[in-house]
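Step one of this worksheet: look at the structure below.
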Amino acid sequence: MTQEYSVEAILLTVRDCGTADRMVTLFSRQYGKIAAVAFGARRPKSSFAGCLQPFSHVDLLLVRNRGGECIRQCEIIRGHRKLREELPRMVYTALVAEIVTELWPEHQPDPEVFELLLDVLSALEERNPRVAAIAAAWQLLALAGFAPEYRRCVACGSGVSLPAHFNIGAGGVMCPACGGSQASFTEGQADLLTKFLTLDFRNPGRFTVNAAALADLEKLLGQCLVYHLEKELKTWNFIRRFERPGTG
């Protein structure tokens with residue numbers, strides 16, 4: 001038995017499969033993450049030509065059967081072409097897409113994540129892509145249930161004076177009495193993290209970012225992602241090489 005249905009979606013990843021097909025991972029407003037095949041999408045005369053591009057905002061007609069979902073029609077709402085043509089924007093957008101792909105299970109609707117992605121894609125096109133991606137990643141971690149605690153000790157609940165030890169496994173800072181001996185999380189990081197977690201991507205305004213605090217938060221973000229996903233993201237490895245050209 002087949003079921004035909006329409007979705008509004010953001011294409012997270014698009015890869016070749018088979019001899020002429022494409023496998024698409026998308027995040028839809030109505031049903032969350034979905035993996036679907038576009039049969040014949042790589043053929044020269046395919047109706048999907050130029051349509052199924054990563055990071056595009058689209059309307060799709062899907063068909064569900066015993067073998068899974070397949071894409072029957074695709075109409076572009078906003079292509080976000082700039083995110084695929086400029087390497088820094090492409091890399092950091094791919095990071096956001098991979099985080100969503102890894103953190104959210106299939107067919108779990110989450111309209112808040114969908115709306116955030118729409119706004120983040122626009123910010124990645126127009127603003128500093130590194131700052132936008134790191135801020136988005138922290139917000140996604142929070143939406144996935146991994147919001148960090150950095151004003152109170154995660155062990156005893158007492159207020160913590162920064163700098164303090166950040167225990168990734170425990171989910172936040174620890175006071176000296178609870179074993180927080182390595183005071184590496186600073187007030188500058190806390191201020192920037194607050195800014196990132198509360199940033200309205202639809203109306204981000206203009207603000208300055210301390211380079212050292214940004215680098216520290218990016219490093220901490222990578223460590224948190226590895227802990228929660230139990231692996232390192234493919235995009236993260238590329239970003240480290242991209243940010244430090246000439247290193248092995």
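What follows is calculated from the coordinates using simple rules that are stated; it is not laboratory data. None of these values were measured; they are calculated from a predicted model. Here the Cβ positions follow ideal geometry from the backbone for every residue, glycine too, while neighbour counts run over all protein chains shown.
A few comments on the model shown:
- Ordering Phe55, Ile76, Tyr31 by the projection of their Cα atoms onto the charge dipole of segment 3-78, which places +1 on the Cβ of Lys and Arg and -1 on the Cβ of Asp and Glu, puts Phe55 at the extreme positive end.
- Based on Cα atoms of segment 3-78, Rg over Rh with Rh as the Kirkwood radius reads 0.92.
- Tilt relative to the chain, helix 129-143 - C-alpha long axis, 0 to 90 degrees, to 10: 80
- With contributions of -39500 (n - 2.57) from each DSSP H run of at least four residues, the per-residue ellipticity at 222 nm computed over the chain stands at -12000 deg cm²/dmol.
- Kirkwood-type hydrodynamic radius, segment 43-130: 14.5 Å, calculated from all non-identical alpha-carbon pairs.
- Sequence-distant residues sharing a close amide H with Leu233 (under 5 Å, placed H): none
- Remark: segment 135-198 is approximated by an ellipsoid whose semi-axes, taken from the C-alpha gyration tensor as √(5λ), come to 20, 13, 9 Å, largest first.
- Student exercise, segment 74-208 dipole from Lys, Arg, Asp, Glu Cβ charges, in Debye to nearest 20: 420
- A crude spin-label estimate for the pair Ala211 and Gln182, with each label 7 Å from Cα along the Cβ direction, gives 2.6 nm.
- Cα lying deepest toward the dipole's positive end in segment 106-240, options Val209, Leu121, Gln139, charges on Cβ: Val209
- The phi torsions of segment 17-27, fed into the Karplus equation with coefficients 6.51, -1.76 and 1.60 and a -60° offset, translate into couplings of 8, x, 8, 8, 9, 9, 9, 10, 9, 10, 10 Hz, rounded to whole numbers, with Gly and Pro shown as x.
- 3J(HN,Hα) couplings calculated from phi for segment 106-112 with the Karplus curve 6.51 cos²θ - 1.76 cosθ + 1.60 (θ = phi - 60°) are, in sequence order, 6, 6, 10, x, 8, x, 5 Hz; Gly and Pro show x.
- Estimated vicinal HN-Hα couplings, Hz - segment 54-70 in sequence order (Karplus 6.51, -1.76, 1.60; Gly, Pro = x): x, 6, 6, 9, 9, 9, 10, 10, 10, 10, 10, 9, 4, x, x, 9, 9
- Using only alpha-carbon positions in the chain, the gyration tensor eigenvalues give semi-axes of 37, 19, 16 Å once each is multiplied by 5 and square-rooted (largest first).
- For segment 1-35 and segment 117-192, distance of Cα centres in Å: 32
- Those aspartates and glutamates that a straight Cα-Cα span of less than 18 Å connects to Lys45, excepting residues fewer than 8 apart in one chain: Asp16, Asp21, Glu75
- Span per principal axis, largest first, for the Cα atoms of segment 115-248 (Å): 45, 38, 26
- A simple spin-label model places pseudo-atoms 7 Å from Cα toward Cβ; at Ser47 and Arg151 they are separated by 5.3 nm.
- Over all other residues within a Cβ to Cβ distance under 15 Å of Gly32, the charged ones net out to -4, with Lys and Arg as +1 and Asp and Glu as -1.
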